[in-house]
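What follows is a set of notes on a single structure, which appears directly below.
The values are calculated or read from the model by the stated rules, or taken from the named source; none is laboratory data. Just so it is clear, the structure is predicted and the values come from calculations on it, not from any experiment. Neighbour counts are summed over all protein chains in view; Cβ atoms, including those assigned to glycine, are modelled from backbone coordinates with ideal geometry. Calculation scope for accessible area: heavy atoms of the full protein, side chains included, ligands and nucleic acids excluded. Shrake-Rupley method; radii C 1.70, N 1.55, O 1.52, S 1.80 Å.
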Amino acid sequence: ITDVGHLTADGDQGVDKIELGARREQTTASQIIERYTKAFKEDLVSLGIATDNILFPRATQHIEEQVALIKTLEEKGYAYRITDGIYFDTAKFKNYGALGQIKLDGLEEGVRVEANPLKHGPYDFALWKFTKPNERRQQEWESPWGRGFPGWHIECSAMSMKYLGRHFDIHTGGIDHIPTHHNNEIAQSESATGEPFVNYWLHHGWVHISGEKISKSVGNTITLAELAKKGFSAFSYKYWILTAHHRTPVNFTLEALEGAETALFKLHRYVRERLGGEGGTPNKKYVADFRKFIEDDLDSPRAIALLWEMLKDPSIKEADKKATIMEFDKVLDLGFHRPNEILNEMIFRKIPITEFPHRIQELVYERDAARLKKDWGLADKIREQLEKLGYEVKDSPEGTEVSESPRI
């Protein structure tokens with residue numbers, strides 16, 4: 001949890017984002033941290049992500065480890081002091097910029113990092129920042145170099161080393177972290193330990209709205225809680241995300257989410273109403289293909305497409321289809337292990353009749369007219385006609401409800 005040190009410019013200048021948030025919302029830094037950490041964890045739960053075995057270390061609770069790491073870098077000759085803080089000397093780390101094959105000569109200071117004429121090199125970054133004279137900060141600590149706070153990058157190395165060791169397999173993050181944040185992590189970690197830092201880096205693309213990255217500064221944020229108020233299940237958003245590769249930027253629209261919810265709802269109804277009970281065996285070929293796709297850089301779109309292909313395969317018994325989809329769901333977790341909960345979430349959002357094809361609307365209105373005239377025979381015939389076309393009709397106190405039949 002980055003609760004100190006991440007400045008608004010994503011470099012070494014600007015205002016601490018937590019401090020800024022506290023001022024903007026007229027509250028304390030600790031309250032800002034608690035509020036957004038709580039919201040983040042609630043979102044994870046709504047997406048079905050188990051958090052019991054996940055650590056959520058906070059930068060503010062690991063100041064001692066960060067100071068120790070900076071001391072090590074200083075002792076090894078990688079750190080130097082200028083007026084506003086302690087900096088890492090990137091010129092002394094020969095592989096700097098190797099992640100993403102960043103061409104440093106093609107980058108201008110002030111674009112990648114904030115300009116600072118006192119730094120030894122344009123790509124050097126802060127390990128510890130001094131509190132400015134007369135600066136009012138809610139979060140600052142004493143250190144061997146003076147009162148201040150840690151830089152954004154040092155916290156990640158310090159906490160990962162504490163909980164995962166000096167060398168570990170997988171590190172994730174957004175594509176925007178490649179040029180600066182993750183190259184800085186590599187430089188400071190490998191300089192301190194003399195060992196490789198991470199084996200595999202997984203970087204995800206951005207979610208855009210109207211072609212722009214979702215960002216508070218742009219003002220185009222939308223939360224899962226807001227989508228829930230509109231009647232959408234968080235699992236529908238999860239399904240939508242999984243239909244694109246994690247490295248592919250995606251553009252969010254409510255229409256796209258509606259399509260994802262319709263597809264997922266259809267899947268759930270089909271599994272519950274058409275695939276029967278237990279006792280099946282996962283199909284070995286489909287499970288092997290699924291594993292191959294997932295292990296190929298988490299190719300979730302191909303895995304989702306395979307799921308639909310498997311359900312349409314007439315050579316597989318219904319019980320085996322259900323067993324196979326349950327095997328897939330151990331990875332995808334689209335709610336098939338708790339179908340009633342997910343179906344109930346999605347069923348609250350009833351699709352208006354006006355969203356169905358014109359012919360279907362006409363039949364529904366004809367049936368409503370027949371029911372008003374108490375012509376029950378005609379109403380039943382129209383219901384049967386709608387069912388043949390793939391639509392189910394239910395009569396409720398609120399009026400006629402129409403839904404697509406759970407066919408694949």
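Report the local net charge at ALA158: Lys and Arg +1, Asp and Glu -1, summed over other residues whose C-beta lies under 11 Å from its C-beta.
With Lys, Arg at +1 and Asp, Glu at -1, the net is -3.
Each residue of the range 251-262 in turn: what ³J(HN,Hα) in whole Hz from Karplus with 6.51, -1.76, 1.60 and θ = phi - 60°, glycine and Pro shown as x?
After applying 6.51 cos²θ - 1.76 cosθ + 1.60, I find 10, 7, 9, 5, 5, 5, 5, 4, x, 5, 5, 4 Hz.
State the three equivalent ellipsoid semi-axes of the chain, derived from the C-alpha gyration tensor as the square roots of 5 times its eigenvalues, in descending order and whole Å.
Its equivalent ellipsoid spans semi-axes of 53, 25, 18 Å.
How high is the relative contact order of the range 223-378, given as a whole-number percent (alpha carbon pairs under 8 Å, six or more residues apart)?
27
Could you please report the charge total around LEU298, scoring K, R as +1 and D, E as -1 over all other residues with beta-carbon less than 13 angstrom from its beta-carbon?
0
Hey, what do the phi angles of the range 309-314 turn into as Karplus ³J(HN,Hα) couplings, whole Hz, using 6.51/-1.76/1.60 and θ = phi - 60°, x for Gly and Pro?
Values per residue, Gly and Pro as x: 4, 5, 5, 8, 6, x Hz.
At 1.4 Å probe radius, can you tell me the per residue accessible area of the range 3-111 in Å²?
For the range 3-111, the solvent-accessible area averages 58 Å² per residue.
If the reach is capped at under 18 angstrom between alpha carbons, list the lysines near LYS330, excluding any in the same chain fewer than eight residues apart.
Excluding near neighbours in sequence, the set is LYS238, LYS284, LYS285, LYS292, LYS321, LYS322.
How much accessible surface area, in Å² rounded to 10, belongs to the heavy atoms of PHE328 with a 1.4 Å probe?
Rounded to the nearest 10, that gives 0 Å².
Would you work out the relative contact order for the chain, in percent, from Cα pairs under 8 angstrom that are 6 or more residues apart?
12
Which of the lysines could a cross-linker bridge to LYS129, judged by Cα under 16 Å and excluding same-chain residues fewer than eight apart?
LYS129 reaches LYS17, LYS71, LYS119.
For the range 61-75, in order, what is each residue's ³J(HN,Hα) by Karplus, 6.51 cos²θ - 1.76 cosθ + 1.60 with θ = phi - 60°, in whole Hz (x at glycine and Pro)?
Couplings: 9, 9, 5, 4, 5, 5, 4, 4, 5, 5, 4, 4, 5, 5, 5 Hz.
What GluC sites (Glu not before Pro) does the range 170-236 have in DSSP loop regions with at most 16 other beta carbons within 10 Å?
Here no GluC sites (Glu not before Pro) fit, given the DSSP loop and packing criteria.
Using a 1.4 Å probe and ignoring any ligands, DNA or RNA, find the accessible area of THR72 and quote it in Å² to the nearest 10.
40
With every protein chain kept in the model, how would you rank TYR200, TYR270 by accessible area, 1.4 Å probe, largest at the top?
Descending accessible area places them as TYR200, TYR270.
Rounded, prolate or oblate: pick one for the range 120-160, where a ≥ b ≥ c are the square roots of the eigenvalues of its C-alpha gyration tensor, a/c under 1.5 means rounded, and failing that, prolate if a/b is larger than b/c, else oblate.
In terms of gyration-tensor shape, oblate.
Tell me, how many Å apart are the Cα centres for the range 1-68 and for the range 367-387?
Rounded to whole Å, the Cα centres lie 58 Å apart.
Note down the magnitude of the dipole of the chain about its Cα centre, charges +1 on Lys and Arg C-beta and -1 on Asp and Glu C-beta and zero elsewhere, to the nearest 20 debye.
The calculated dipole for the chain is roughly 560 debye.
Please list, ordered by chain and number, the residues whose modelled amide H lies under 5 Å from the amide H of GLY85; skip anything fewer than 5 residues away on the same chain.
For GLY85, the qualifying residues are PHE130.
How large, in percent, is the carbon and sulfur part of the accessible surface of the chain at a probe radius of 1.4 Å?
Taking all protein chains in place, the chain shows 52 percent carbon and sulfur surface.
Ordering ASP176, ASP12 by how much accessible area each has at a 1.4 Å probe, largest first, what is the list?
Ranked list, largest accessible area first: ASP176, ASP12.
Can you compute the helix-only [θ] at 222 nm over the chain? Use -39500 (n - 2.57) per DSSP H run of at least 4 residues, normalise by all residues, nearest 500 deg cm²/dmol.
Value at 222 nm, helices only: -13500 deg cm²/dmol.
What percent antiparallel are the DSSP beta bridges of the chain, to the nearest 5?
70
Just reorder THR60, THR262 by solvent-accessible area, largest first, 1.4 Å probe, all chains present.
My answer, sorted largest first, is THR262, THR60.
Near the amide H of TRP206, under 5 Å away, which other amide H atoms are found, from residues 5 or more places off or on another chain, if H is placed in the peptide plane?
Result for TRP206 returns VAL250.
In the full protein assembly as shown, how much of VAL45 is accessible to a 1.4 Å probe, in Å² to the nearest 10?
So the heavy atoms of VAL45 present about 100 Å² to solvent.
Could you tell me how far the Cα centroid of the range 278-332 sits from the Cα centroid of the range 156-211, in Å?
Using only Cα atoms, the two centres lie 32 Å from each other.
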